[in-house]
Amino acid sequence: MEENMFGKKEGFDPDYDLKLEESLAKNEYPAQKIAQANASEHTSLCAKMCTQEVWNKYKDVKSSGPAKWTLARAVNSGISYPESFVGCHAGDKESYDDFSDFFYPVIEAYHEGFSMKEGSKLEGTPSERMNPNKISVDLTSSAEEKIVSTRIRVARNLSMFPLNPGGTKESREKIADLMAKVYAKIDTDSDLAGDFHLHTKMSDDERQALIDGHFLFRGKDRMQAASGYHEHWPHGRGVYLNKDKTFVNWVNEGDHLRIISMEMGGDVKSVFSRLSAGAKAIEDGVREISGEEEVFTMHPKFGAVTCCPSNIGTGMRGSVHILVPKLIETIGFEEIDRLCRERNCQARGSTGEHSEVIDRIDVSNWRRIGFPEYELVEDMIKCANFLAEEEDKL
């Protein structure tokens, strides 16, 4: 099959198109796949929690939200690819509660220490929880000198649409149309001002420039395809970049919005301030255009609703690349990661998850849920300060 200009092959394409696992397509319990997954060294949370009892309870249930989601659709990614860590997705906000005996245990297993029974509603609005003035700790001079770059992002979904796995080509295009109007309202003198590039409308030169700059998401992830993320590709997908390429939005990559702020160096508060201002500009713009008071989809127990349970709560990952070559050589990456975990953070490779560790590591917040975003930025700052201090001792 030949590829078209978007890299999508004609006919069924497993890199983009949704295909239900054979048992799930018949709405039958995937007993063999789950048994194989649970017998392997790595077991997805989906396989652990989708027991025969849970399946029997929900197999004929449809969510009460607009997606009319099913358990078969929810678990398709993890059953098709049991090596995935989480392996399940929601099609609408209501899915999390309508399939509570499945999703709640997944949430509690991933977000260790959080209880859906004991969880309480976070205080304040999403904008208030992203107030940079509430950050109470600073990077030490040593840590700031060692930080190569800073990147903070949040995932958000718009309350007036189903989540993308339960959405349609039309819903994705309506989201993109709405966001184009929101971006057009951003003050041209603001450092957030820039251009919105739709996948379906950008030229080959624009597309290549975004690929070369690592700004363009391109699909072709089979696990994401099995969740329904890539359906109707590339319609309704786009990337917004400000002039300095320090404020980036992915539209309909998976969640409706991936709001990203980044820059070289270690000015974490500057990066978080830009993210906060950008998220508020989007929230205000969507509210004005749509007339909806609640812009972002929120859940009373855990906060921001996302397609994957791993991102719910804040949907935030704040990370810095920090140079600690002596620490890497002396105690190794696994010990560094253990020390980060003790401080509510995690370590990743020199260029991100699963990458080689050379002279620097990526340090990011581990907690996602039950805390306002500014506290999670504080987690990252404290951890970076600790690692810088340990590096200086060597």
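The values are calculated or read from the model by the stated rules, or taken from the named source; none is laboratory data. Just so we're clear, the structure is a prediction, and the values are computed from it rather than from any experiment. We place every Cβ from the backbone using ideal geometry, glycine too, and count neighbours over all the protein chains shown.
Some points to look at:
- Scan of the range 186-206 for residues that are in contact with a His (Cβ under 8 Å, 6 or more places away or on another chain) and either in a helix (DSSP H, G or I) or among the hydrophobic types (A, V, I, L, M, F, W, C) (or both), ordered by number: Glu206
- Taking the range 339-368 as the range and being over 24 Å from Thr314 (Cβ atoms) and either at pLDDT 90 or above or in a helix (DSSP H, G or I) (or both) as the test, no residue passes.
- Within the range 331-338, not a single residue is modelled with pLDDT under 95 and touching a His at 6+ places or on another chain (Cβ under 8 Å).
- Only one of Glu334, Glu391, Glu342 that is of a type in the set (D, E, K, R) and either in contact with a helix residue (DSSP H, G or I) (Cβ under 6 Å, 6 or more places away or on another chain) or crowded, with 22+ Cβ neighbours inside 10 Å (or both): Glu391
Yes/no per residue for (1) surrounded by fewer than 17 Cβ atoms within 10 Å (Cβ to Cβ); (2) among the small types (Gly, Ala, Ser); (3) under 17 Å from the mean Cα position of the chain (by Cα); (4) more than 30 Å from Ala72 (Cβ to Cβ):
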residue	(1), (2), (3), (4)
Ser136	yes, yes, no, yes
Leu163	no, no, yes, no
Ala176	no, yes, no, no
Ala184	yes, yes, no, yes
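- Complete set of residues in the range 261-278 that are surrounded by fewer than 24 Cβ atoms within 10 Å (Cβ to Cβ) and hydrophobic (A, V, I, L, M, F, W, C): Met262, Met264, Ala277
- Evaluated against (1) in a loop (DSSP other than H, G, I, E, B); (2) exposed (fewer than 14 other Cβ atoms within 10 Å of the Cβ); (3) over 22 Å from the mean Cα position of the chain (by Cα), Ala35 falls short on exactly one condition, (1).
- Condition met for Gly78 (within 20 Å of Cys307 (Cβ to Cβ) and not in a helix (DSSP H, G or I)): no
- The single condition among (1) of a type in the set (Gly, Ala, Ser); (2) on the phi > 0 side of the Ramachandran plot; (3) touching a strand residue (DSSP E or B) at 6+ places or on another chain (Cβ under 7 Å) that Gly332 does not satisfy is (3).
Yes/no matrix, rows are residues, columns are (1) within 20 Å of the chain's Cα centre (by Cα); (2) in contact (Cβ under 8 Å) with a residue 12 or more places away in the chain; (3) buried (at least 21 other Cβ atoms within 10 Å of the Cβ); (4) not in a helix (DSSP H, G or I):
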position	(1), (2), (3), (4)
Gly91	yes, yes, yes, yes
Phe103	yes, yes, yes, no
Gly124	no, yes, no, yes
Arg129	yes, yes, yes, no
Asn133	no, no, no, no
Met179	yes, yes, yes, no
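- Only one of Lys68, Lys26 that is modelled with pLDDT of 95 or more, of a type outside the set (Gly, Ala, Ser), at negative phi and over 22 Å from the mean Cα position of the chain (by Cα): Lys26
- Some residue of the range 268-290 being more than 19 Å from Pro372 (Cα to Cα), without any contact (Cβ under 8 Å) to a residue 24 or more places away in the chain and acidic (Asp, Glu): yes
- Within the option set Val377, Val357, Val295, Val363, being hydrophobic (A, V, I, L, M, F, W, C) and closer than 30 Å to Phe99 by Cα holds for one residue only, Val295.
- The residue that is farthest from the chain's Cα centre (by Cα), counting only those in the range 207-216 that are surrounded by 15 or more Cβ atoms within 10 Å (Cβ to Cβ) and either at positive phi or assigned to a helix (DSSP H, G or I) (or both), is Arg207.
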